[in-house]
1. Just to be sure before I move on: is Leu172 more than 15 Å from Phe78 (Cα to Cα) and at pLDDT 75 or above in the structure I sent?
2. For the range 106-114, state whether one or more residues are modelled with pLDDT of 85 or more and part of a helix (DSSP H, G or I).
3. Mind checking which residues of the range 138-152 are over 19 Å from Ala9 (Cβ atoms) and either open to solvent by less than 60 Å² (accessible area, probe 1.4 Å) or in contact with a Leu (Cβ under 6 Å, 6 or more places away or on another chain) (or both)?
4. I'd like to know if the range 88-98 contains one or more residues that are touching a Pro at 6+ places or on another chain (Cβ under 9 Å) and at pLDDT 75 or above.
5. If only one of Val14, Val72 is modelled with pLDDT of 65 or more, over 18 Å from the mean Cα position of the chain (by Cα) and hydrophobic (A, V, I, L, M, F, W, C), which one is it?
6. Select, from Leu130, Leu172, the only residue that is among the hydrophobic types (A, V, I, L, M, F, W, C), more than 20 Å from Phe10 (Cβ to Cβ), crowded, with 16+ Cβ neighbours inside 10 Å and out of contact with any His (no Cβ under 6 Å at 6 or more places or on another chain).
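The values are calculated or read from the model by the stated rules, or taken from the named source; none is laboratory data. Values in this document were obtained by computation on a predicted structure and should not be read as measured data. Glycine also receives a Cβ, built like all others from the backbone with ideal geometry; neighbour counts cover every protein chain displayed. Quick note on the areas: whole protein, heavy atoms, side chains included, nothing else; ligands and nucleic acids left out. Shrake-Rupley method; radii C 1.70, N 1.55, O 1.52, S 1.80 Å.
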Amino acid sequence: MIGADRLAAFLAVVVVLIAVPGPSVVFMVSRGVALGRRAALPTALGNEAGLMVQLVLVALGLGSIVERSQVVLSLVKFAGALYLVYLGVQTWRHRRELAGELNAGRHTPAGAGRIFRDGFLVGVSNPKGLLIFTAVLPQFVDAASGNIPLQLLVLGMICVGVALISDVSWGLFAGSARTWLGKSARRLEIMGGASGAIMIGLGAELALSSES
């Protein structure tokens, strides 16, 4: 259903988008700094459970709409690419706020159930997740293959898998480097700036190639 070349390009874009700092990464880092390595897995599982809710709603709703019209699919692709550029600009502008968000997450409950629940709330309300599911996934849908909702669901499941690996890695890293990372707002600012620049670049590339 999804060609190997298309899938490889999709993975390259998704890995970069998920790995760079966003709401879930900041949350994972804050939990790692506050609670240590033990919080990585329950936080990540909760976060990805929330993303799954987003994915199912998008795949069923958006997929059924764009399946009926090639014009709608093209418009969704182009609008999504431009929105990605916009969010990249906003991420760059607000890169200095990452340190404040990190510090706000230091005093958190330590129970595994509460950690999972909070992770779920972050995941289900994560605008970055909605961005990927609504703006990026349609870029790699093959309209000629049909069953667009299923294509969106498969691509989204790949995203969730990549997000799980990324979130656990960030949580373990932050838990191990909690003192080093928590002391420097400058390090977090650099992370945020790099995130914004990467999103702008990817958005521009997708916009230019959205007609292909």
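1. Values: more than 15 Å from Phe78 (Cα to Cα): yes; at pLDDT 75 or above: yes.
In short, yes.
2. Narrowing the range 106-114 to residues modelled with pLDDT of 85 or more: none.
The answer is no, given that none of the residues of the range 106-114 is modelled with pLDDT of 85 or more and part of a helix (DSSP H, G or I).
3. Here is the first cut: in the range 138-152, the ones over 19 Å from Ala9 (Cβ atoms) are 146-147, 149-150.
Passing the criteria: Gly146, Pro149.
4. no
5. Values: Val14 fails: over 18 Å from the mean Cα position of the chain (by Cα).
The conditions single out Val72.
6. Numbers: Leu130 fails: more than 20 Å from Phe10 (Cβ to Cβ).
So the residue among Leu130, Leu172 that is among the hydrophobic types (A, V, I, L, M, F, W, C), more than 20 Å from Phe10 (Cβ to Cβ), crowded, with 16+ Cβ neighbours inside 10 Å and out of contact with any His (no Cβ under 6 Å at 6 or more places or on another chain) is Leu172.
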